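Here is the structure we will look at, set down as structure tokens.
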Amino acid sequence: MRSLTYRNLMAVIRKIEAKGYERPEAERLARSVFTEFLSRPQGMSIEERVRRILTKEEWERECREYGCW
């Protein structure tokens, strides 16, 4: 995946939803993944960026421990 197309966006959204996020959150995160990739295309791939997103449970636990920003 290198470009923001509907098909690629939906694939990323589904991967993020599998981590426990609801559709609006997953869509927001997917769009930010593509935006970050387009700003730094020589960095991590989109797939790697999606893999590094915490699961919803991990995020909530860290939010309780360290506070949300």
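Apply 1/(1 + (r/R0)^6) to the Cβ-Cβ distance of Thr5 and Glu65, taking R0 = 35 Å, and write down the FRET efficiency to the nearest 0.05.
Efficiency at R0 = 35 Å is approximately 0.40.
Could you give me the percent of Cα pairs per 5 Å distance bin for region 6-66, shortest bin first, beginning at zero and ending with the bin that holds the maximum distance?
4, 20, 28, 23, 16, 8, 2, 0
Once you keep just the Cα pairs under 8 angstrom separated by 6 or more residues, what percentage relative contact order results for region 6-66?
Once divided by the residue count of region 6-66, the mean separation gives 34 percent.
Which angle between 0 and 90 degrees, to the nearest 10, do you get for helix 56-66 versus the longest principal axis of the chain when only C-alpha atoms count?
With both axes taken from Cα atoms, the answer is about 50 degrees.
Would you tally the net charge around Arg51, using a Cβ to Cβ cut-off of less than 12 Å, leaving Arg51 out, and scoring K and R as +1, D and E as -1?
Neighbourhood net charge equals +2.
Coordinate-derived values only; no laboratory data. These figures come from a predicted structure and were not determined experimentally. Neighbour counts run over all protein chains shown; Cβ positions are idealised from the backbone, glycine included.
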